[in-house]
Amino acid sequence: MIAPGLPRLELPIERFELSCGAQLLVSPRPQATIAAVSVHVRGGPALDPAGREGLAFLTGSLVDQGTAAHDEEELAALLEPEGGEVGGDAAGVSGSIVNERWELLLESLAEMTVAPAYPSDKVELHRQRLLDRLLVERDDPRVQGGQLFRKLVYGAHWLGRAAYGTRASVAKIGARELRAHHRRNWVARRGVIAVCGQVDPQAVRRRAERLFARWPTGTPLQTTPPRFPARAVRSGVFPSKRAQVHVYLGHLGIQRNHPDYAALVVLDHVLGTGPGFTNRIARILRDELGLAYSVNANIHGSAGILPGMFTAYIGTSPDKVRTAVEGFRREIVRIQEEPVGQEELEVAKSYLVGSFPLGFERAARRASYMISAEVHGFPPDYLERLLESFAAVTREDVQRVARQHLHPRQCVLAAAGPLAKAEVGRLARP
Amino acid sequence: MRDSSLEKGGARIHEHVLENGLRVLLAERHLDPVVAVMLWYRAGARNETEKEAGVSHFLEHMMFKGSARYGKGAIDRITTTLGGTNNAFTTADHTAYWFEFASDRWESALEVEADRMRALLLDPAEFEAEKQVVLEELAQGEDDPWRVLSQEVQSALFPRHPYRRPVIGYSDTLKALGPGEMRDYYERFYHPGNAVLVVSGDIDPARALAAVKQHLGSIPAGKPYREADAFRAPAEAQRGEQRLTLRWDDEARRLCIAWPTVALGTDEDCILDLVSTLLAGGRLSRLYRRLVIEERCATSISVHNDTRVESGCFWLFAECAQGTQPAELERRIDAELERLARVPVARAELARAKRIIAAGEAHDAESVSDLAEDLGEFAIDADWRLALRTLERIQRTSAEEVRRTVAKLLVPDRRVVGWCLPQEKRKTR
């Protein structure tokens, strides 16, 4: 039933290694009106020392506060009138601009990557803004519920910590630490640069070669095998006097390169992420039981180099939480015990295969895909292979991966809102 | 049948009006093999009676719950099977339904829209089940302090006009609403004469028009809008400043100021776009630079020119930095607004703001859905050509026009000032 003859997604990628050691990926896109550039630096919050959580985030997010060549105002004056939008985070810095000014964007991001200034006054300003934000988020049940859930799943591993840090850790971070962290970790051998737009790949290469020439080569990222708490029933509550309770039920998930990835994407679409009411959880918990406006379940979305999480989420009134948690468990068990219907399987697969080109209209999306493909080591024909993998998933595959990767009797449960701790503890037990 | 064409975002735009009154905009662009289909109805919270508050948005939900040919869930199933996506949204002035498909199958959207335009089921059991979902959506909004604050400010800004009401309605009006009342509203507003269809992307305009006629051309025009719409008092002018304070159980001091302004598409609407860029568009804008960067009395600031069919709001949102008194932040905002009302903006600053807006046009039309949304919103609320003319009007705006508009509209005695502050016990912590 998969719709035949779908238009193909054209995403040509030319790959270069720059003299500095960074990888450059260029995807020419004829007629594009917007160009996007993304610089990814491997490492991220994993490199935050204990007690300095938020260091990687601040290092990346403040690269736009001035460079050796331009201060922050000059950068804004150059970029903004050309539609230039730039933002950094723990994983690097990226931006987009009207296509004809792609060189300006590449030049600016190269400056920010290679020679950010971290002026003390600007660092202090933005650190204080982050502290203010963390103070407000301290009482936000949605934020705290999500954070509690991560902690219950990942324990003391850095994935269980807040990427922005805490008020205590951020208070200890200053400009000197940002410069040192940047010097140690923002090095070319860990860098991937992606450019998408109406560009000539060779022209991009020549320009990038010159702009990134002074980026220190450094050493590749060293990683250690992660350790996570064993899957088990655990629970926690963030009490808050609000109208709704945010409920998170789940456990440790899979890595992005797991061979079951395609089957789990299909499973997710049948169980809890298919559009509208095509997934079981939205159809039953939202449509039939009227429990919520926002409800979903997903294991593939957070899969990365390290394992993601299986998360079933609902925002609902306190009197409906028990029905919701029971509903989640019932649907997880059902997809393990009964093969999915042929029609719902085909609907999910058709969507996954057919909707793929829709997600690649924006240049920024193309650039972020190129980074992801490089970081995960996907082959050049990965997208085609992935679509073929979706199309090949069977009812038996879905049941097998549901049994192998979903663990309804070993879930953690985090709740944030007007609900008692004892009640959450009772709900956590299957 | 009328026909005209112009260009926007690299797309050639053709306009047609069918005999039943349906206005059709076809925006042809072949960058990607993708097509967006958006159907807009002139039916939003503004068109509701007091008793019907929330019916427009609730009806938007029910449009996915069954029509003659598409039973409950069928629209999502068909969209998904064809590898497409769909969604919908409701505002104070209109409701819009959106599909995006690969370009060889987008016509399926027309079949769906035709069926639910003339034969919506509104099954009573489905109606009651979906009401619970809408009530949960309302509860979700009640947990968002910015939403609660801006709603309170909006209610004060429009004391009699329906623009005062939240688009989602109130729990009491929603609970009291029955399928019969929704059916009445649907029959008043959901027909070709009260709708605009936009098809944008990888299309052949002649074939697209033929498909539109085939699926939607035979639906009767329906009751003229003027007869269908309820009477309402005009959006009255503000008399004197109003102030309100809410309490929330966190440490934020949130400020929302709103002024009543002008209708969409007027000259002053374009000038207010420029004003909002001068005040908070980018890192060199006046309010961001002074309040966030230099004086550090706000952690964030934004403004929004929200013009509507019958009036408009100019919104200002700011969060007070810890250690700054709310009154101090307000005083500094006032000083910047007063300066903009008194001293014409410098030529270079004005030119920069105009360039930011012009460059933003490319971002605003990057996807076929962006393009369909921009054209459709202007078309349903006023005239789609405004999507093209606004930039030209902004380009010829003078510094004196900016000054005069701010001095006329954004003054203290026309505004509502709302604060959301920590609960009393927190103030002493």
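Just for region A:234-428, what percent of DSSP beta bridges are antiparallel, to the closest 5? Numbers along the way, then the final one.
Details: 18 of 24 bridges.
Rounded to the nearest five, the antiparallel share is 75 percent.
First check a/c for the protein assembly as shown, with a ≥ b ≥ c the square roots of the eigenvalues of its C-alpha gyration tensor; if it is under 1.5, answer rounded, and if not, answer prolate when a/b is larger than b/c or oblate otherwise.
Details: a/c = 1.22, a/b = 1.06, b/c = 1.15.
Rounded is the answer for the protein assembly as shown, as its axis ratio a/c remains below 1.5.
Using a ≥ b ≥ c from the Cα gyration tensor of chain A (square roots of the eigenvalues), is it rounded, prolate or oblate, where a/c under 1.5 gives rounded and otherwise the larger of a/b and b/c decides, a/b for prolate? Walk me through the numbers on the way to the answer.
Details: a/c = 2.08, a/b = 1.33, b/c = 1.57.
Taking the square roots of the gyration eigenvalues as a ≥ b ≥ c, chain A is oblate.
How many nm separate the modelled label positions at B:GLU187 and A:GLU346, each set 7 Å beyond the Cα in the direction of the Cβ?
With each label point 7 Å from Cα toward Cβ, the separation is 3.9 nm.
Run through every distinct alpha carbon pair of region B:187-252 and return the Kirkwood hydrodynamic radius in angstroms, one decimal place. Don't skip to the answer; put the middle values down first.
Working: mean 1/r = 0.0581 Å⁻¹.
In region B:187-252 this quantity evaluates to 17.2 Å.
Helix A:382-392 versus the longest principal axis of chain A: what is the Cα-based angle in degrees, 0 to 90, to the nearest 10?
Roughly 10 degrees, rounded to the nearest 10.
Round to the nearest 0.05 the FRET efficiency obtained for A:GLN198 and B:ALA68 when R0 = 51 Å and r is the Cβ-Cβ distance.
On the way: r = 46 Å, r/R0 = 0.91.
Efficiency at R0 = 51 Å is approximately 0.65.
Per-residue ellipticity at 222 nm for chain A, helices alone: DSSP H runs ≥ 4 residues times -39500 (n - 2.57), over residue total, nearest 500 deg cm²/dmol? Present the calculation step by step, with values, prior to reporting the outcome.
On the way: 15 runs with 168 residues, N = 430.
Helix contribution divided over all residues of chain A: -12000 deg cm²/dmol.
Among rounded, prolate and oblate, which fits region A:14-211 when a ≥ b ≥ c are the square roots of the eigenvalues of its C-alpha gyration tensor, a/c under 1.5 means rounded, and a/b larger than b/c means prolate? Present the calculation step by step, with values, prior to reporting the outcome.
Working: a/c = 1.87, a/b = 1.71, b/c = 1.09.
Since a/c reaches 1.5 and a/b is larger than b/c, the shape of region A:14-211 is classed as prolate.
Which entries in B:LYS65/B:LYS131; B:LYS8/B:LYS213; A:LYS320/B:LYS65; A:LYS151/A:LYS241; A:LYS320/B:LYS72 show an alpha-carbon gap greater than 18 Å? All intermediate terms of the calculation are to be shown ahead of the outcome.
Working: B:LYS65/B:LYS131 12 Å; B:LYS8/B:LYS213 24 Å; A:LYS320/B:LYS65 23 Å; A:LYS151/A:LYS241 22 Å; A:LYS320/B:LYS72 24 Å.
With Cα atoms farther than 18 Å apart: B:LYS8/B:LYS213; A:LYS320/B:LYS65; A:LYS151/A:LYS241; A:LYS320/B:LYS72.
For B:ASP383 and B:GLU424, what does the FRET efficiency come to when R0 = 45 Å and r is the distance between their Cβ atoms, rounded to the nearest 0.05? Numbers along the way, then the final one.
Values: r = 50 Å, r/R0 = 1.12.
Approximately 0.35, to the nearest 0.05.
Please report the orientation-averaged projected area of region B:3-228, defined via the convex hull of its C-alpha atoms, in nm². Each step should come with its number before you reach the end.
Details: hull surface 52.7 nm².
The directionally averaged projection comes out at 13.2 nm².
Which of B:TRP419, B:TRP106 has the fewest other C-beta atoms within 10 Å, and how do the rest follow up to the most?
On the way: B:TRP419 21, B:TRP106 25.
So the residues, fewest neighbours to most, are B:TRP419, B:TRP106.
Grab the eigenvalues of the alpha-carbon gyration tensor for region A:35-102, scale each by 5, take roots, and send me the semi-axes largest first in whole angstrom.
Working: eigenvalues 134, 38, 11 Å².
With the √(5λ) rule applied to region A:35-102, the semi-axes are 26, 14, 8 Å.
Rank these for me by crowding, B:SER103, A:SER96, going from fewest to most other beta carbons within 10 Å. Each step should come with its number before you reach the end.
Details: B:SER103 17, A:SER96 26.
Fewest to most other Cβ atoms nearby, the residues stand as B:SER103, A:SER96.
Grab the Cα-Cα distance for A:ARG400 and A:GLU74, subtract it from 0.36 nm times how many residues apart they are, and report the gain in nm with one decimal.
Values: separation 326, 0.36 × 326 = 117.36 nm, distance 5.69 nm.
Fully extending the segment from A:ARG400 to A:GLU74 adds 111.7 nm.
What is the magnitude of the charge dipole of region A:349-430 about its Cα centre, with +1 placed on the Cβ of each Lys and Arg, -1 on the Cβ of each Asp and Glu, and no other charges, expressed in debye to the nearest 20?
Details: 12 positive and 8 negative charges, 107 e Å.
Rounded to the nearest 20 debye, it is 520 debye.
Which FRET efficiency value, to the nearest 0.05, do you get for B:ASP267 and A:ARG227 by plugging their Cβ-Cβ distance into 1/(1 + (r/R0)^6) with R0 = 60 Å? Each step should come with its number before you reach the end.
Values: r = 65 Å, r/R0 = 1.08.
My answer for the efficiency is 0.40.
What does a probe at A:ARG409 reach in region A:233-252, counting residues whose amide N is under 16 Å from the point 7 Å along Cα→Cβ?
So the set is A:233-234.
Determine, for B:ILE293, A:ILE281, A:ILE193, the number of other Cβ atoms within 10 Å of each Cβ, and report the residues in order from fewest to most.
Numbers: B:ILE293 17, A:ILE281 27, A:ILE193 31.
With the fewest neighbours first, B:ILE293, A:ILE281, A:ILE193 line up as B:ILE293, A:ILE281, A:ILE193.
Pull up all non-local amide H partners of B:VAL345: gap of 5 or more, or a different chain, and H-to-H distance under 5 Å with H placed in the peptide plane.
B:ARG403
Taking one equal scatterer on every alpha-carbon of region A:234-428, how large is log10 of I(q)/I(0) by Debye at q = 0.12, 0.20 1/Å?
Taking Cα atoms of region A:234-428 as identical point scatterers yields -0.63, -1.38.
Measure nothing but the geometry: give the 0 to 90° angle between the long axis through the Cα atoms of B:267-280 and the longest principal axis through the Cα atoms of chain B, rounded to 10°.
60
Return the average number of partner chain Cβ atoms within 10 angstrom of each residue Cβ along peptide A:133-142. Working shown, then result.
Numbers: counts 4, 0, 5, 11, 3, 2, 7, 5, 3, 3.
Shielding by partners across A:133-142 averages 4.
Read the figures in this text as sums done on the coordinates, not as results from a lab. Just so we're clear, the structure is a prediction, and the values are computed from it rather than from any experiment. Don't worry about glycine lacking a Cβ; one is built from the backbone with ideal geometry, like all the others, and counts go over all protein chains shown.
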